Amino acid sequence: MIAEVLADEVAASRVPRAGAPTVADILATLPWWWQRRAVAAGLRAGWTDWRRTLPPPPLELGGSCIPWLLDATPEQFGDAYVRALNPDVRAAEGRHYTPPTLAEELWRMVLSAASRRMPALLVDPAAGAGSLLLPALRQMVKSSPDAEATLERVGQQVAGVDLDSIAVWLGNAFLAAELLPLWSSLEPRRRRDLPQLLHVGDGLDRVHDRPEAIVMNPPYGRVRLSNGDRERWSRSLYGHSNRYAMFLHAAIERVAPGGVVAAVLPTSFLGGAYYQRLREMIAEDAPLVALTFIESRTGVYSGDPLQETCLAVFQKAGEDRVVSCRRLHANGAFEISDVGKVAISRPFAAPWPIPRRLEHSRLVVGASRLRHRLADYGWSVSTGPLVWNRHKPQIGAWGSGRVPILWAADIGPDGVHRDPARDHQRWIRLRQRDEFMRLTEPAVVMQRTTAPEQQRRLVGAVLDDHALNDWGGAVVVENHVNVLRQASCEGPLDARLLAALLATPTLDALYRCLTGSVAVSAYELEALPLPPPNVLKRWVTLDETILSAAVARYYSG
């Protein structure tokens, strides 16, 4: 299926699009690029012809040579290929190539976990054009004492697969080009065919080769599974399935005992509800040992995936569940700083509190001692029931019998108000079957979606009896709002104190350490560690400023 889509894409790309390079142009440039690399390595005459060392391309070469790519690095060439693909193809297959700095940092993390030893077998099950294998290959070439032996060993020690036959062909050229200096140093009669390290295949297939290291930047995105596939991934699957989680599951099964899996991943696996079984599997089979958060991704990926991402290393059959955390700032310049270490404790299915910054380390350690959660104080969290685009005919201006809608924009640090921008969609006419959406009791309401650059993740307010009366005694809450309700008014954590706690910088930072998403989910709110009743009783009467200081001292003490 993918080959057919790409064939159509290449055919369509022979029609120039606003001067941008097409896939056909990328393919047509590769032979010329290869010749330059071969000449630079010292090869002469017929030895510079790509057909002497590379297999035929999966599609007929066409298009025009792109001059500025002739001296490009393999990473730049691969990135140009991804950018030339139709955006719909990229999105459908979750295509995004890894920039060299991230690939090099991931390889450094592999070596650190492997005690600086080169793995006997290194595999990438989602290889694309091989960018994650380049740092390892370059190290092998640089440290080679014997060119002939190294060329033979590379073919046994490095491998990758991908479903994209064009990426595999390009990747084999890129990886082989790194070997040209060694190949050139041999007498012509001793030169054997350069190894083809990548192959067309499905990285999710069961393989029993037991590599010592697996590196990957798997495709991201939800996918529909058959009943048989759901059974295959049942140990790590909860609700929706995501490609990257399946690749991580397969890699953990495949890697040798004591081996490492290193991956570029969305941070959602650290806290999302859909990844609770995956977290259990990781903690039991291949504990997370190192994590580098990618703080800013501007210009890092082709297409810039929306998810927050990280570099993660797992060790098969490891017993130590202490994670070394770092932060990589990738906006313009790449800077790495240590964040600290944190232990992952039971229950493993729960969100893992992991510091994003050095100043969060004491906060996470302090929070890990706390055993109370919202449910222990009678609170539950749900999503606003109104999906507005399913009720468009019922929504509009005021009318007799209509109920006001509470939107996320109506919630701010100063309380609940009516955002004028929503006045044209302020009222809804409820049918009998919609009556369940009517909220008539006090609650704490919170914005459910936030932006990555937003200063606060937790933005909430109390919707008390007074506020409800101002709104006519009832509201309908839209589904970009979380609604926190208390079953009983007894206990120290009332609505005012809960809203005040959630408004503190401490709880906002702690929530960020629990989640890998900009969405504020009910699942992760319910996982927030809270103090015991005796502490909350002391905080009930404190004003906002004193409470904020008291919370900061308590959680970091």
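The values are calculated or read from the model by the stated rules, or taken from the named source; none is laboratory data. Keep in mind the model is a prediction, meaning the values are calculated, not measured. Neighbour counts are summed over all protein chains in view; Cβ atoms, including those assigned to glycine, are modelled from backbone coordinates with ideal geometry.
Within region 401-446, the set of residues being assigned to a loop (DSSP other than H, G, I, E, B) and over 17 Å from Asp470 (Cα atoms) comprises Pro413, Arg429, Leu430, Arg431.
Selection of region 327-381 for residues being of a type in the set (Ser, Thr, Tyr), buried (at least 16 other Cβ atoms within 10 Å of the Cβ) and farther than 30 Å from Glu105 by Cα yields only Tyr377. Of all the criteria given as (1) free of Cβ contacts under 8 Å to residues at least 60 places away in the same chain; (2) within 24 Å of Leu498 (Cβ to Cβ), the one not satisfied by Arg327 is (2).
Of all residues in region 449-470, those being within 17 Å of Gly516 (Cβ to Cβ), out of contact with any Phe, Trp or Tyr (no Cβ under 7 Å at 6 or more places or on another chain) and assigned to a loop (DSSP other than H, G, I, E, B) number 5.
For Thr541, the conditions (1) assigned to a loop (DSSP other than H, G, I, E, B); (2) of a type in the set (Val, Ile, Thr); (3) modelled with pLDDT of 95 or more all hold with the exception of (3). Whether a residue is more than 30 Å from Pro211 (Cα to Cα) and not basic (Lys, Arg) was assessed, and Gly318 does not pass this test. Screening Leu498 with (1) under 31 Å from the mean Cα position of the chain (by Cα); (2) surrounded by fewer than 19 Cβ atoms within 10 Å (Cβ to Cβ) gives one miss only, at (2). Of all residue pairs spaced 6 or more apart or on separate chains, those with beta-carbon atoms under 8 Å, a first member in region 175-194 that is within 16 Å of Ala159 (Cα to Cα) and touching a residue at least 40 places away in the same chain (Cβ under 8 Å) and a second member that is surrounded by 18 or more Cβ atoms within 10 Å (Cβ to Cβ) and among the charged types (D, E, K, R) are Ala177/Arg37.
Filtering region 440-452 to residues that are of a type in the set (A, V, I, L, M) and either outside the structural domain of Tyr523 (by TED's automatic domain parsing) or within 23 Å of Gly378 (Cα to Cα) (or both) leaves Ala443, Val444, Val445, Met446.
Taking the criterion of being over 17 Å from Gly491 (Cβ atoms) and either assigned to a loop (DSSP other than H, G, I, E, B) or of a type in the set (Ser, Thr, Tyr) (or both), the residues of region 513-528 that qualify are Thr515, Gly516, Ser517, Val518, Val520, Ser521, Tyr523, Ala527. Within 30 Å of Glu478 (Cβ to Cβ) and surrounded by fewer than 19 Cβ atoms within 10 Å (Cβ to Cβ): is that true of Gly384 in this structure? It is false that Gly384 is within 30 Å of Glu478 (Cβ to Cβ) and surrounded by fewer than 19 Cβ atoms within 10 Å (Cβ to Cβ).
Please name all residue pairs, on different chains or six or more residues apart, with Cβ atoms under 7 Å, provided the first residue is in region 453-478 and is in the same structural domain as Gly401 (by TED's automatic domain parsing) and the second residue is acidic (Asp, Glu) and not in a loop (DSSP other than H, G, I, E, B). These pairs meet every condition: Arg456/Asp508; Arg457/Asp508; Leu458/Asp508.
Please specify each residue of region 29-49 satisfying the condition of being surrounded by fewer than 19 Cβ atoms within 10 Å (Cβ to Cβ), hydrophobic (A, V, I, L, M, F, W, C) and in a helix (DSSP H, G or I). Within region 29-49, Trp32, Val39, Ala40, Ala45, Trp47 qualify. Residues in region 77-86 that are of a type outside the set (A, V, I, L, M, F, W, C) and at pLDDT 90 or above: Gly78, Asp79, Tyr81. Would region 265-275 turn up any residue that is without any contact (Cβ under 8 Å) to a residue 24 or more places away in the chain and under 19 Å from Ser517 (Cα atoms)? No - not one qualifying residue is present in region 265-275.
Within region 43-67, residues that are more than 20 Å from Ala176 (Cβ to Cβ) and in the same structural domain as Ala167 (by TED's automatic domain parsing) have Cβ atoms under 9 Å from residues that are in a loop (DSSP other than H, G, I, E, B) and charged (D, E, K, R) in these pairs: Gly62/Arg14; Gly63/Arg14, counting only partners at least 6 apart in sequence or on another chain.
So that you can scan it fast, the table gives a plain yes or no per residue for (1) of a type in the set (S, T, N, Q); (2) at pLDDT 90 or above; (3) closer than 30 Å to Glu187 by Cβ:
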{"site": "Ala18", "(1), (2), (3)": "no, no, no"}
{"site": "Gln35", "(1), (2), (3)": "yes, yes, yes"}
{"site": "Ala38", "(1), (2), (3)": "no, yes, yes"}
{"site": "Trp47", "(1), (2), (3)": "no, yes, yes"}
{"site": "Leu61", "(1), (2), (3)": "no, no, no"}
{"site": "Glu75", "(1), (2), (3)": "no, yes, no"}
{"site": "Asp88", "(1), (2), (3)": "no, no, no"}
{"site": "Ala103", "(1), (2), (3)": "no, yes, no"}
{"site": "Trp107", "(1), (2), (3)": "no, yes, no"}
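Out of the residues in region 279-311 meeting the condition of being polar (S, T, N, Q) and in a strand (DSSP E or B), tell me which one is modelled with the lowest pLDDT. Going through the qualifying residues, I end up with Thr309. Taken over region 501-511, the criterion of being buried (at least 18 other Cβ atoms within 10 Å of the Cβ) and assigned to a helix (DSSP H, G or I) is satisfied by Leu501, Leu502, Thr506, Leu507, Ala509, Leu510, Tyr511. Restricting the search to strands (runs of 3 or more DSSP E) fully inside region 312-396 and requiring at least 2 residues that are among the polar types (S, T, N, Q) and in contact with a helix residue (DSSP H, G or I) (Cβ under 7 Å, 6 or more places away or on another chain) gives 379-383.
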